[in-house]
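Reading through the structure tokens given below for one structure.
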Protein chains: 4
Amino acid sequence: MKALYFPRKDEVVAGDLPDPVAGEGEVVIAVRASGICHTDIDVMRANYGPSAFPVVPGHEYAGEVIEVGPGVVGLSIGDRVVVDPNIECGTCRACKRGWAHLCEHLGAYGVTVNGGFSEKSVVRASAVHLIGEMSYAMAALAEPMGCALNGFSPVADRLIDRALVIGAGPMGLLLGLALKVRGVAEVIMCDTDSARLDFARSHGLEALLAGTKGMTELRHGCDFAADATGSAAVAATLVDCVASGGAALFFGVCQQSARIEISPFDIFRRQLTLLGTHSLNHNIPTALETLRAIGPRVEGLITHRLPLEEVAATMAGHKPAGSLKIQWEA
Amino acid sequence: MKALYFPRKDEVVAGDLPDPVAGEGEVVIAVRASGICHTDIDVMRANYGPSAFPVVPGHEYAGEVIEVGPGVVGLSIGDRVVVDPNIECGTCRACKRGWAHLCEHLGAYGVTVNGGFSEKSVVRASAVHLIGEMSYAMAALAEPMGCALNGFSPVADRLIDRALVIGAGPMGLLLGLALKVRGVAEVIMCDTDSARLDFARSHGLEALLAGTKGMTELRHGCDFAADATGSAAVAATLVDCVASGGAALFFGVCQQSARIEISPFDIFRRQLTLLGTHSLNHNIPTALETLRAIGPRVEGLITHRLPLEEVAATMAGHKPAGSLKIQWEA
Amino acid sequence: MKALYFPRKDEVVAGDLPDPVAGEGEVVIAVRASGICHTDIDVMRANYGPSAFPVVPGHEYAGEVIEVGPGVVGLSIGDRVVVDPNIECGTCRACKRGWAHLCEHLGAYGVTVNGGFSEKSVVRASAVHLIGEMSYAMAALAEPMGCALNGFSPVADRLIDRALVIGAGPMGLLLGLALKVRGVAEVIMCDTDSARLDFARSHGLEALLAGTKGMTELRHGCDFAADATGSAAVAATLVDCVASGGAALFFGVCQQSARIEISPFDIFRRQLTLLGTHSLNHNIPTALETLRAIGPRVEGLITHRLPLEEVAATMAGHKPAGSLKIQWEA
Amino acid sequence: MKALYFPRKDEVVAGDLPDPVAGEGEVVIAVRASGICHTDIDVMRANYGPSAFPVVPGHEYAGEVIEVGPGVVGLSIGDRVVVDPNIECGTCRACKRGWAHLCEHLGAYGVTVNGGFSEKSVVRASAVHLIGEMSYAMAALAEPMGCALNGFSPVADRLIDRALVIGAGPMGLLLGLALKVRGVAEVIMCDTDSARLDFARSHGLEALLAGTKGMTELRHGCDFAADATGSAAVAATLVDCVASGGAALFFGVCQQSARIEISPFDIFRRQLTLLGTHSLNHNIPTALETLRAIGPRVEGLITHRLPLEEVAATMAGHKPAGSLKIQWEA
């Protein structure tokens, strides 16, 4: 089968690999849509935990079941599915609490074993979720949406009148749309890129150019504020944007060495919540629910649908200008 | 009636005041037990928001209903009750969210209107809660326990195997006992005062002398860690004590100007929650439930039961050595 | 001012009443939209608890603040608001639990005191909620939507793939749209009236003609099923429609004397939840959030916008054919 | 090894079986305590789903890890553990929602594969939970306690002043103690057996003889009421005992053919919740937390600690008089 893989650190190849076979409790799916995430680049560079070269990257993918292994119940050939990439050990302390994403031995399709950038992918039956009639491209957004929902989960039952998301890239926009669709009156996307802001505006979100006066007017005015840039300088501004009783989410990946200052008294007196997030945690079903609530317009986030060779070029550093989410459309 | 009051800033008097009368929707209670909190001192010093001198302090009190005003339903003379001191406006943004403690115009019995250090106290009928057969001394702990539960509420449904509370004063101990009684296997109280640690130990809590090797062994090992000292230097150590997926609570009152450093990446990658807390939010009923679960031994926290004159002396700076919670027993 | 009122049992008048004045803690609002509910008829017939004639009915209304009484903070003339009609005592057992709708002495605007079918209405400041730029007609749907959300609240955090709502009247449709907008893949509205089903279909809901084969195919197939007809015969079918782990909601008002049969073993073995609901419970803010998430199309439920005289005629029994929600548009 | 097993339907043997071996991802535990449940009898009689003879019964057991299979991380020889008996498929609709107990292909140790009434038991590593220093006898109560918590879970965040549990057998008492330890002021155990009521009283629970006047006085007076008898006649009385806003739980196993009558209007108007329950759902960690909160006195429920031969006799119908929980102590 055709596949994109990392034969070793810092190398990407679009070539041929043997077809996978469904073992006990596994299914093979024919991949139909598979999204690129910055984590793929980190895997290639061996920056993301224990990379296991050679490996087929891709952890955001959907497709059709074409083979059902022995012992699998409840799945049939032809089923349309999306993959939850996390492979948790099931026995560590985090797993026993139901926290797959914090598993001490966490593996993942596309990270530690072969993932979605190949024509066929073999996965455990328990890792796939039926998508009904949703398009494959939209279903392949369920994994990043699941990450957004996981980050948001501790405040999911709170009333939010105004939310601020700094960074209008694909992750920020998914978070913003998820907030909007649950009825948040005002979701403000903030960025330095006016094209991204135009996109946000066209999807019913407010848009605010970074560094303008509007930002200072948000002081203590947002029920929820998230950094989706990964800049510590931006992350440092979150707490000040949040209203009493509100929450700030570190959603972008900051430098490990970066530090920011906070005031314990301020957090105490205004009863704030500061949240971090990492990966997703069994969020695919609710992510599908959220994508359905947004509707097909969410596919507008997918600016490029590329053949496998161009996906390889993108990973090698030739990312198309003005892109949001890039998918391989098989 | 006999009462303790602050006639003006920095002055405390134990003297006589006119008896209060129950107006529309109000009751008068004969105070039976009333606890001292550091907030009382702040009120005296005009350090706690808008003090309204002259004022009777005391916001932790229980007693017996002795007069029922017009329009009050559901309360009778002889009812044994405890007071929720918060007086929220009911119309601001926070109130509309159900957040009494974050009310933009928050008043309180014992802060902006007369409170519990007098023989009789007039309060709105909606501010009192029936205590059944619980002792008045124990019921007067419901307000501080409510503050502990309010701080803890965002993580109340999480599984906690090991909790760390730094600072074994009355507030820290109430928090520690509340954790223990819900089944947390290991609740570690940390302090520099070995007498307080002995007390903790005698109540089934673990005790750890601050600055010892045991502390470093807790690194990334606590599901929940709280600062109950109000020292920013201590607050700065919390995040490091917390395990992946865990929560840190700023429960003590740090200096307003104090700042601590945090790593956004660490909060992101280990999916931590940082929490602040302030006052209580309709927590009296669950606080009574928690006190009942702990049982009468919680009264061990009340080390001194003083007459009104000695309460005045305590507020003036003559606090008894080795005290935990001090109450006026009427 | 012009007003519609019930001078005594079984009588409705559209006439003139003195203008109300804002007392301590109150505001006067100029009513802009006010919806008719079957409860209004019950109030007129003295069938709904303690009616207090004469009374202006109407508990679903929105308008503009035109007078602000003494002691009111946070509201100004010109504010656009909707009213939460419940007037709870604040002191009974239910109130102390935060259950306004179960208050033992529950009153309501439009039931025990004057409500929304008059040009001006005086209400406690704490009873109004800001609506931003939402239309008054849409905001006047917040009260019935609040009832839907209150009924739904115990299962609000559950994943629902398929929901069934039997009865496609205004309340059933509000419930159906609330489910749809949170991302439920399949919301099936069932009714005997094909015009109502067409309406449901045009709003993205599935439609099923009652008594057809499709109903039997739903057996054990719905994560959530609600009766919005008030027919006990229909209510009796709910449990059988619900899948293992699912919930059934008695949302319609059945006859008090009606009884249905259930199997305790079935509820036990399939871990079902049976829910009842009554009124709303501080749900206006989330109801506004839900209405925003649905968007302006929800106004399609308002089939008639009538002058006050025709509202009176409707209450007297001359209900327009084919109506869903009827509002007075001031 | 010595073991008790059902060679075929309606037959029980205490004899010898080959020692099990730990396969990939499995551990072998030396069983130290194993409780008898009525389900064991149902398995023997082939009344409990798909029995797979021959089979070793026992699904309530704790022991020590004595062999660790390949691929197991996080468990070592000597670890003290308890077993979660459920073996869910992981791929069906219920499993995808996180509902192990409703798995469409649910198996269980002691039901479909060999369980706890043998000296050694081989289980998946993901099925065991560390118990710290808790006694094995107490840890073997974690499974039935998990069932109680699972039934209780939908109302776990509610305030309960008074709870009624009808049926003071082991399951009813575990439920009652779980309620008591979270601070419910009044937990009333109701039974026809005065010896059981004495036991309840000695554990801090209220006791009420069935059929006495006290029962009628509870009408509409309990926040929570559970049937733990399995009698439909008893189950039919629950709703009437429950206060407005309260919940009724069908916890006992009624006859499949039994029906009871309910009033949809009553459930609607008083906003009641009716709950069923079945098995446990990943509740072992919180069950251990609850057992710790109750403390060692919960072992008082274990009235008999028998050798394997007498366990066999008990299953064959010779149950000791006056027994509550019976365990095999290895």
Checklist entry - Any idea how many residues of segment A:240-261 are buried (at least 24 other Cβ atoms within 10 Å of the Cβ) and either part of a strand (DSSP E or B) or within 7 Å of chain B (Cβ to nearest Cβ) (or both)? => result 7
Item to check | Criterion violated by C:GLU143 - all others in (1) touching a residue at least 12 places away in the same chain (Cβ under 8 Å); (2) assigned to a loop (DSSP other than H, G, I, E, B); (3) not aromatic (Phe, Trp, Tyr) satisfied | outcome: (2)
Checklist entry - Does segment D:150-168 contain any residue that is open to solvent by less than 20 Å² (accessible area, probe 1.4 Å), without any contact (Cβ under 8 Å) to a residue 40 or more places away in the chain and facing chain B (nearest Cβ under 10 Å)? => result no
Next on the checklist: For segment D:8-62, give me each residue that is among the hydroxyl-bearing types (Ser, Thr, Tyr), open to solvent by 10 Å² or more (accessible area, probe 1.4 Å) and closer than 14 Å to D:ASN114 by Cβ.
Outcome noted: D:SER51
Checklist outcome for this item: By residue number, the members of segment C:189-207 that are touching a residue at least 24 places away in the same chain (Cβ under 8 Å), farther than 19 Å from C:THR290 by Cα and part of a strand (DSSP E or B) are C:CYS190, C:ASP191, C:ALA207
Checklist entry - Looking at (1) assigned by TED's automatic domain parsing to the domain that holds C:TYR109; (2) in contact (Cβ under 8 Å) with a residue 24 or more places away in the chain; (3) among the polar types (S, T, N, Q), can you tell me which one C:THR303 breaks? => result (2)
Checklist entry - Taking the stated definitions as given, is B:THR229 of a type in the set (Ser, Thr, Tyr), open to solvent by 10 Å² or more (accessible area, probe 1.4 Å) and touching an Asp or Glu at 6+ places or on another chain (Cβ under 9 Å)? => result yes
Checklist entry - In this structure, is A:VAL234 within 13 Å of another protein chain (Cβ to nearest Cβ), closer than 17 Å to A:MET171 by Cα, outside any loop (DSSP other than H, G, I, E, B) and hydrophobic (A, V, I, L, M, F, W, C)? => result yes
Next on the checklist: So for segment C:277-300 (the condition being within 14 Å of chain A (Cβ to nearest Cβ), of a type in the set (Gly, Ala, Ser) and open to solvent by 20 Å² or more (accessible area, probe 1.4 Å)), does at least one residue qualify?
Outcome noted: yes
Item to check | Residues located in segment B:54-82, provided they are under 20 Å from C:GLU104 (Cα atoms), under 27 Å from the mean Cα position of the chain (by Cα) and outside any loop (DSSP other than H, G, I, E, B) | outcome: B:VAL81
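Conditions (1) part of a loop (DSSP other than H, G, I, E, B); (2) more than 12 Å from chain C (Cβ to nearest Cβ), marked per residue:
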position: B:THR91; (1), (2): yes, no
position: B:CYS95; (1), (2): no, no
position: B:GLU104; (1), (2): yes, no
position: B:ALA108; (1), (2): no, yes
position: B:GLY115; (1), (2): yes, yes
Next on the checklist: Looking at the structure I just gave you, is D:GLU24 at pLDDT 95 or above and among the acidic types (Asp, Glu)?
Outcome noted: no
Checklist entry - among the hydrophobic types (A, V, I, L, M, F, W, C), modelled with pLDDT under 90 and surrounded by fewer than 20 Cβ atoms within 10 Å (Cβ to Cβ), is that true of C:LEU130? => result no
Item to check | Matching entry among A:ALA178, A:ALA195, A:ALA207 (being in contact with a strand residue (DSSP E or B) (Cβ under 6 Å, 6 or more places away or on another chain) and not assigned by TED's automatic domain parsing to the domain that holds A:HIS304) | outcome: A:ALA207
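The values are calculated or read from the model by the stated rules, or taken from the named source; none is laboratory data. Bear in mind the structure is a predicted one, so any value in this text is a computation, not a measurement. We place every Cβ from the backbone using ideal geometry, glycine too, and count neighbours over all the protein chains shown. Accessible surface areas use protein heavy atoms only, side chains included; no ligands, DNA or RNA. Shrake-Rupley method; radii C 1.70, N 1.55, O 1.52, S 1.80 Å.
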